[in-house]
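The values are calculated or read from the model by the stated rules, or taken from the named source; none is laboratory data. Small disclaimer: the values here were computed from a predicted structure and weren't measured. Neighbour counts run over all protein chains shown; Cβ positions are idealised from the backbone, glycine included. Remember, those area values only see protein heavy atoms, side chains included, never the ligands or the DNA or RNA. Shrake-Rupley method; radii C 1.70, N 1.55, O 1.52, S 1.80 Å.
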Amino acid sequence: MSFIPDTDAEALSALFSRRSVLGATAAGGLLATPLAAFAQSAGASGPGEAEITVDQARQEPIPIVIPNFGAGLGEQISGVITSDLNGTGLFKVMSGNVPPGSTPDFSALKAQGARAAVAGQAIGSGSVRVEMRLWDVLSGQQLQGTAYTASTSNWRRIAHIIADVIYERMLGEKGYFDTRIAYIARTGPRHHQITRLALMDQDGANERMLTNGEWLTLTPRFNPVRDQIAFMSYANNRPRVYLFDLASGRQQILGEFAGISFAPRFSPTGGSVVLSATRGGGSDIFVVDLASRAKRQITNSNGAIDTSPCFSPDGSQIVFNSDRGGSPQLYIMSASGGAAKRISYGNGQYGSPVWSPRGDLIAFTRIGSGGFSLGVMNPDGTGERILTQGFTVDGATFCPNGRVLAFCRQSASGAGGAGFASGIGTIDITGFNERPIRISTGASDPAWSPRNG
């Protein structure tokens, strides 16, 4: 029997160093190793491949059997995998018995209507070994076989990683389940809310407060290559951009500006931050080098408000919001500065632009007709599409593969703030499958991490 090629495990091991809970052999780490294939059933066709596209799965979700991985921890792992896959709207998870130690009964699985099936088991107590095999039911071939060994405290991450592998092998692109979302946790009455910088898994689990709520805190953004978040804080009543180190909890001011600094975003390499800073009655955009802390001004607003800058994935361009033409609209310019080109021409005011990690779309908020709309457009301004609307829908952030957006949705408030709610939801870039993320507090300002962020 030959070993199944396991490029996923190799890629994971390269990424694991980004999270302190993981390592090659440490007690708290996670080790991924390939599993040998069983002898294939007679009459099986050639090696299974990702034959289903995301668009096809939107029209007809992939029926897949996810069995119980065992009592206790195994059942919890199966539950998270099921929730991850069902939550995309691209899979239809079915229960069933798929023995972990032998080739499945493909005839029975076909009769059940399954397109794919997973076999798995969780073994151990202080540390856990989770074995997982993914089968293409139609071809009768094993698509993936991997065993994950880690401390039991990492069981949820193992489940997310397995869901990522299934997503990739079935759809041909990377999953986004083993990621986190930084956000602003909100508690208290509408007009006097306590705001805290916070972190959670992409499904709302493992909520963690990073700041104590003493000062108003806004707009967290992940560094794409370091365990670091940039955010705005009103600490000591001086609104400025700070850097937060996730490993140490240390906070530091990012550059001294004469006015207010705000709206930070990291460059694709993580070596600099683009932000806005007030100057007189307007604001300009600056790039701050993290190593030298040198500041470089790249717009000259002449009293207009230039804000919400965001790099393109290749770092060559910046999209931003400006009222230089009389109302807030979206503009694109070279990352080195120079002339800017307007790209938004719909009815209303535009803001909060963010570039997709694929480079093919820019998400935005549009204000008009008494409400907010969340949409996407091509980088040249064509192809504008509204995904969802509401009293307030704002602050879009793309998941790492560019297929899903997280955003903030707020409701109107009545007398004394009654009825107000602020939460985070997700939606597919086609406007498909909008879902709330369930957490224990109010929330706003989401920022999706890179993979393993």
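Overview of values
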{"read-out": "Percent carbon-and-sulfur accessible area, region 62-171, ignoring ligands, DNA and RNA, probe 1.4 Å", "value": "48 percent"}
{"read-out": "Share of carbon and sulfur in the accessible heavy-atom surface of region 180-448 [1.4 Å probe, %]", "value": "48 percent"}
{"read-out": "Assigned charges on the beta-carbon of Lys, Arg, Asp, Glu; region 54-179 dipole about Cα centre (debye)", "value": "100 debye"}
{"read-out": "Cβ-Cβ FRET estimate between D55 and S151, R0 fixed at 56 Å, reported to 0.05", "value": "0.90"}
{"read-out": "Proximal lysines relative to K110, as straight alpha-carbon distance under 25 Å, when same-chain residues fewer than 8 apart are discounted", "value": "K92"}
{"read-out": "Diffusion constant of region 251-396 at 20 °C, which comes from Stokes-Einstein with the Kirkwood Cα-pair radius and 1.002 mPa s, µm²/s", "value": "139 µm²/s"}
{"read-out": "Average accessible surface area per residue within region 180-448, 1.4 Å rolling probe, Å²", "value": "41 Å²"}
{"read-out": "Residue-count net charge about I253 - beta-carbon cut-off 12 Å; Lys, Arg +1, Asp, Glu -1", "value": "+3"}
{"read-out": "DSSP beta bridges in the chain [antiparallel fraction, %, rounded to 5]", "value": "95 percent"}
{"read-out": "Calculated SAXS-style log₁₀ I(q)/I(0) at q = 0.07, 0.14 Å⁻¹ - region 180-448, Debye, Cα scatterers", "value": "-0.22, -0.98"}
{"read-out": "P(r) tail fraction, region 227-325 - alpha-carbon pairs more than 21 Å apart, %", "value": "30 percent"}
{"read-out": "Surface/4 of the Cα convex hull for region 375-452, nm²", "value": "6.3 nm²"}
{"read-out": "Candidate lysines for bridging to K295, where Cα separation is under 26 Å - those fewer than 8 sequence places away on the same chain excluded", "value": "K341"}
{"read-out": "Restricting region 372-453 to chymotrypsin sites (Phe, Trp or Tyr not before Pro) in coil, as DSSP defines it, with at most 16 other Cβ within 10 Å", "value": "F391, F432"}
{"read-out": "Helix-only CD estimate at 222 nm, as mean residue ellipticity for the chain, using -39500 (n - 2.57) per DSSP H run (n ≥ 4)", "value": "-3500 deg cm²/dmol"}
{"read-out": "Region 125-196 versus region 429-453: alpha-carbon centroid distance in Å", "value": "15 Å"}
{"read-out": "Aspartates and glutamates with Cα under 12 Å of K174, excluding same-chain neighbours fewer than 8 positions away", "value": "D8, D164"}
{"read-out": "Normalised alpha carbon radius of gyration of region 59-160 [divisor 2.2 N^0.38 Å]", "value": "1.04"}
{"read-out": "Residues T430 and T269, FRET efficiency given R0 of 30 Å [Cβ-Cβ distance, rounded to 0.05]", "value": "0.50"}
{"read-out": "Given charges at Cβ of Lys, Arg, Asp, Glu: region 343-453 dipole, positive-most of I429, P379, I362", "value": "I429"}
{"read-out": "Simple label model, 7 Å out from Cα along Cβ direction - A71 to K341, nm", "value": "6.5 nm"}
{"read-out": "D_trans [Stokes-Einstein, Kirkwood Rh over alpha-carbon pairs] for region 150-280, 20 °C, 1.002 mPa s, µm² s⁻¹", "value": "130 µm²/s"}
{"read-out": "Contact order relative to length of the chain, as percent, for alpha carbon pairs under 8 angstrom and 6 or more apart", "value": "10 percent"}
{"read-out": "About the Cα centre, charge dipole magnitude for the chain (Lys/Arg +1, Asp/Glu -1 at Cβ), debye", "value": "1140 debye"}
{"read-out": "Extended-chain gain in nm, criterion 0.36 nm per residue less alpha-carbon gap, D227 and T382", "value": "52.3 nm"}
{"read-out": "Per-selection Rg to Rh, the chain - Cα, Kirkwood hydrodynamic radius", "value": "1.00"}
{"read-out": "Estimated distance in nm for a label pair at S83 and S95, the labels positioned 7 Å out from Cα along Cα-to-Cβ", "value": "1.7 nm"}
{"read-out": "Mean Cβ neighbour count within 10 Å, used as a protection proxy, ranking 237-250, 434-447 highest first", "value": "434-447, 237-250"}
